[in-house]
């Protein structure tokens, strides 16, 4: 399993994406607090963390924001 520090930075977002810093902060906090989701600051949708997706064990191919299986 990947270290939590590596999971913090998994995101399919450009650093210029609106709310990028807040999104990454919430993602990191959720992983640190052993939470599977966080609330998106713009849409208020729930977002799955990379840690949860990795524990699930497979890619569902729906384009999750923090998919640890996604490769560019």
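Observations, loosely collected:
- Pairs of Cα atoms nearer than 8 Å and 6+ residues apart set the relative contact order; for the chain it is 30 percent.
- Where only DSSP H runs of four or more residues are counted, the chain gives -9500 deg cm²/dmol as its mean residue ellipticity at 222 nm, each run worth -39500 (n - 2.57).
- Inter-label distance, nm, simple model (7 Å from Cα along the C-beta direction), residue 39/residue 58: 3.3
- Residue-normalised convex hull volume from the C-alpha trace of the range 9-66: 77 Å³ per residue.
We did not get these values from a lab; they are worked out from the coordinates using the rules stated. Since the structure is predicted, the reported quantities are computational estimates derived from the model, not experimental observations. Positions of Cβ are backbone-derived with ideal geometry, glycine not excepted, and every protein chain shown enters the neighbour counts.
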